[in-house]
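Note sheet for the following structure.
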């Protein structure tokens, strides 16, 4: 690992440029479909790539106000899918359409964090890691009162519209023209769920008191809801949701650092707006400028009726301000601006009626978070009667929620206000991150006895990021560190809430420096609305003739949005003029030309600038700027980088700067060493209040990105009681009459236990691209920045799944990529949500599971339920990074055909292998490449010839992201490591000698599960040993001792020494199994014999039963990482003894033993670790 030597000058000038009406830059990776005649790996670009495929909503969002839409719920998705699939479609076809719709939705709608809050959260994390500390310890925690201005709105007007063109419905996007009179809805008009529904939150009346209690009370809603259901906790009629409030939730998650309230006026409403809901939110068709035809936009579009002057739900804010001020001219608006910045901190509008994201009509709102133009007087809640707008109180953003609001949704969306990103996968596919039920910002917001009541807790990382937990930093060594981990919800006194274990940082290579260069200037890519400058004086007095400034440059700059300029000042820096850039040797103009159209208006936004570098240079080139016009003057030269909001490319690198006058060299700066050579960097922003970055730095062409483990203990306590109520959807949809039916079966996770999180800051660093997508190396096969160290899932925050092999259902799935159907076992996996319930490391077996598959669910009469029962899985009590936790690759029953050439030399492109569960768990960090698990006979690359003469496959393994649109990726397994993987591979880093050697082992836990003692140690070679004693009652009856050995490190010959108390028992002749032998020797004597004579010498130490004091087993060969073995033997108890004490020890060359276990009638008592 190279040492990172990027440096930041110690003196940074901070500048602020006057603000302007801002818009937002958004992007995320997109999924590319692999062409049938192209066997190369499909690629989605990562950071530092100019040809990134952007989502469809990018351009619109960058040129308008940011809107973050709530995801459609399962009922809505499945209702749409059923209609798309058509009458007679089976469940698998409907599921495929649902996956396709979800992909389309994420491509056309943004859902994510408040950009500035996320940027602050990210900066705080970076500062904490740089200081080997935490945001809490650095005083960066979010604390104090969090106040919600909550306004309930209903629609008391009637609106008429002529020739209104709109989609038929959310499901049917056909545009129709109608003349309509529209009114309502008022509150308390939501229909009850259908008779088979057991998960929808509903009550017949939603009055102001409900929301007041939901947000700011301690007792919550004490009346039971859904009296048609039975509470799974107490067996009584109706679901008890008492105590499940925002106040209690965030108090628990923050460790009482924050308090919620609704302000001096409490919840306001119901406020009756003067129009119908359609006026504010109707989904209208719009004219396509190219075709001149009307077409429907996104299903979440809310243009409102034509007479709405705001063209959308912004009109709600304007009308609410007007109505409140009319009713109460002295309304205390300023009390809702607790940070004093002139903006109301947190606004929640709750609209009457069903939400469109939950199956509401085309006239309904789609739950969202919106922003309001800061220069629009309609959003000034209270002026100060002065010409200065800075003393006004404004609405600048809001969240729109729906009447049947549950705690999970409210808490999740408020998490975005705090800067939290979504932690589920938001790839345009059907993948599922391993987080699922273990964080509010994933599916934990939807879980509970009813959906959202109660939601699950925050993870160790989301608490760490906001300063709500201060993890103990442990650097595991050969000497163990034992930590009492307390439950996440309410940790017991004296316990630690989380442990952080740092790993070597990942290098993100942005450019390969030029030969002979060790560093270059870099613009950095760490600031929105950046205006970062590099300035120096250049004395041209006495010079005449041709003068130029030249430099080597390699840039990738967001094209037509961000720019780099070279500017000159002749008045001491008061004003600057941009100059044109050309390529040395060709004279090609590199900067924007005189007739550049500024398609997005950014040059005007940056102050009317021109002549900017934008897009990609395609690598290093040498540029020059003509300074001849400034001959004879003392000037300032400034290299300036300007960016807009959110998405940032990697920026520009500049090296070898020179100023020449004819043949005379006036300046030669090789950009080497620590000498700035007269250049002064400054960091500025176009929007005051935007967090500032580092600006120009020296860089070696790469950046270090931190990665670390966070280890926490979770238990069924507090809001984590929800983890008893994870869920599997049996079916979701609407009855023929339109009632919601959401039926689930509740599943318990395998707690209490230890969760091991991997935080990898390579991913999700753009505020509006902060999702936790599964960034598996199948899509990054040619990008070593992201693909290392192995094929498999990677993301910003993922869980190491202790039980990573998938549960499969009775589906007998096939796949057809256009050339015939083939069996495809990966499609038999239950969805990733189900796979996560047994992710914890635990001292208990996993709970038994029953998973039900439903067909014919359109009606009760046709519904068939097929339950599959799964037995408990054995406990997995320790994490060892020598082992892999990704299922890997399997051989398919028959190859999948991806292309057929019927010409004179016919051939098929075939894929004989597939990834077992592509989004399971996470790739374990390692010091180098290791292959995933592969079956016998495996080949990563086939032997294709050109032209092909037979059935061929260049890359033998396939990933199919979703069965709906057959997006598939042929994968070059081994390509990440520059090798062709052949034959069976274990997928364990330890078998390839690349493990870091970290071990986190549970030693024991509190009786009530409130804490667990975890041992942290580091050893490249290690082993676990456990044992059990089965005794027959009665003196003299035999005792059977079973000893289990697991290699938890790199390959090693292991020896187990089982020492019994010979005063209490006698070895029974011939009882030892699997090659174990009785000996009368100390552990040291056995080690010496093994070292001098190997296994034969140990076996020669065998003694008669009456003389034996121990039983010894040695592996005949080196055991691979993760390999297990066991042996047993029998003892007879000596007269007068009812118990037998046995101490088991495992050791080997250069082996640090795991905790030794003293076993007495099956009770494990862990002893101090020993090093061998």
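Per-structure values
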quantity: Residues of the stretch 429-474 that turn out to be over 29 Å from residue 98 (Cβ atoms), part of a helix (DSSP H, G or I) and in contact with a helix residue (DSSP H, G or I) (Cβ under 6 Å, 6 or more places away or on another chain), as a count; calculated: 1
quantity: Selection status of residue 888, on the phi > 0 side of the Ramachandran plot, in contact with a strand residue (DSSP E or B) (Cβ under 9 Å, 6 or more places away or on another chain) and buried (at least 19 other Cβ atoms within 10 Å of the Cβ); calculated: yes
quantity: Residue match in the stretch 854-864 (condition: under 25 Å from residue 986 (Cβ atoms) and not assigned by TED's automatic domain parsing to the domain that holds residue 1051); calculated: no
quantity: Test result for residue 334, surrounded by fewer than 20 Cβ atoms within 10 Å (Cβ to Cβ) and in contact (Cβ under 8 Å) with a residue 12 or more places away in the chain; calculated: yes
quantity: Flag for residue 989 being at pLDDT below 95, buried (at least 22 other Cβ atoms within 10 Å of the Cβ) and within 27 Å of the chain's Cα centre (by Cα); calculated: no
quantity: Residue that is surrounded by the fewest Cβ atoms within 10 Å (Cβ to Cβ), among those in the stretch 852-866 that are in a strand (DSSP E or B) and either at positive phi or touching a residue at least 40 places away in the same chain (Cβ under 8 Å) (or both); calculated: 866
quantity: Condition met for residue 125 (within 21 Å of residue 500 (Cα to Cα) and either in contact with a helix residue (DSSP H, G or I) (Cβ under 8 Å, 6 or more places away or on another chain) or surrounded by fewer than 20 Cβ atoms within 10 Å (Cβ to Cβ) (or both)); calculated: yes
quantity: Residue within the stretch 219-234 that is under 22 Å from residue 438 (Cα atoms), touching a residue at least 24 places away in the same chain (Cβ under 8 Å) and buried (at least 17 other Cβ atoms within 10 Å of the Cβ) present; calculated: no
quantity: Some residue of the stretch 642-655 being more than 30 Å from residue 116 (Cβ to Cβ) and touching a strand residue (DSSP E or B) at 6+ places or on another chain (Cβ under 8 Å); calculated: yes
quantity: Odd one out for residue 504, checked against (1) more than 22 Å from the chain's Cα centre (by Cα); (2) surrounded by fewer than 15 Cβ atoms within 10 Å (Cβ to Cβ); calculated: (1)
quantity: When residues of the stretch 302-318 are limited to those that are over 17 Å from residue 393 (Cβ atoms) and part of a helix (DSSP H, G or I), the one nearest to the chain's Cα centre (by Cα); calculated: 314
quantity: Sole exception among (1) surrounded by fewer than 21 Cβ atoms within 10 Å (Cβ to Cβ); (2) modelled with pLDDT of 95 or more; (3) closer than 16 Å to residue 349 by Cβ for residue 316, by number; calculated: (1)
quantity: Tally, over the stretch 908-932, of residues that are surrounded by 19 or more Cβ atoms within 10 Å (Cβ to Cβ) and outside any strand (DSSP E or B); calculated: 15
quantity: Those residues of the stretch 1072-1082 which are buried (at least 18 other Cβ atoms within 10 Å of the Cβ) and within 52 Å of the chain's Cα centre (by Cα), in sequence order; calculated: 1072, 1076, 1077
quantity: Residue within the stretch 391-409 that is without any contact (Cβ under 8 Å) to a residue 60 or more places away in the chain, surrounded by fewer than 22 Cβ atoms within 10 Å (Cβ to Cβ), out of contact with any strand residue (DSSP E or B) (no Cβ under 9 Å at 6 or more places or on another chain) and in a loop (DSSP other than H, G, I, E, B) present; calculated: no
quantity: Enumerated strands (runs of 3 or more DSSP E) restricted to the stretch 1015-1101, each holding at least 3 residues that are out of contact with any helix residue (DSSP H, G or I) (no Cβ under 7 Å at 6 or more places or on another chain) and assigned by TED's automatic domain parsing to the domain that holds residue 1120; calculated: 1022-1031, 1038-1047, 1055-1060
quantity: Looking only at the stretch 831-842, and only at residues there that are in a loop (DSSP other than H, G, I, E, B) and in contact with a strand residue (DSSP E or B) (Cβ under 6 Å, 6 or more places away or on another chain), the one that is surrounded by the fewest Cβ atoms within 10 Å (Cβ to Cβ); calculated: 842
quantity: Matching residues, the stretch 1097-1119, being more than 26 Å from residue 1140 (Cβ to Cβ) and either buried (at least 16 other Cβ atoms within 10 Å of the Cβ) or within 53 Å of the chain's Cα centre (by Cα) (or both); calculated: 1116, 1117, 1118, 1119
quantity: Test for residue 708: is it at pLDDT 95 or above, touching a strand residue (DSSP E or B) at 6+ places or on another chain (Cβ under 9 Å) and surrounded by fewer than 23 Cβ atoms within 10 Å (Cβ to Cβ); calculated: yes
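Condition check ((1) surrounded by fewer than 23 Cβ atoms within 10 Å (Cβ to Cβ); (2) modelled with pLDDT of 95 or more; (3) farther than 25 Å from residue 675 by Cα) across all residues:
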{"residue": "534", "(1), (2), (3)": "yes, yes, no"}
{"residue": "538", "(1), (2), (3)": "yes, yes, no"}
{"residue": "542", "(1), (2), (3)": "yes, no, yes"}
{"residue": "550", "(1), (2), (3)": "yes, yes, no"}
{"residue": "562", "(1), (2), (3)": "no, yes, yes"}
{"residue": "568", "(1), (2), (3)": "yes, yes, no"}
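The values are calculated or read from the model by the stated rules, or taken from the named source; none is laboratory data. Since the model is a prediction, treat every value here as computed from it, not as a measurement. Methodologically, a virtual Cβ is constructed for each residue, glycine included, from the backbone with ideal geometry; neighbour enumeration extends over all protein chains shown.
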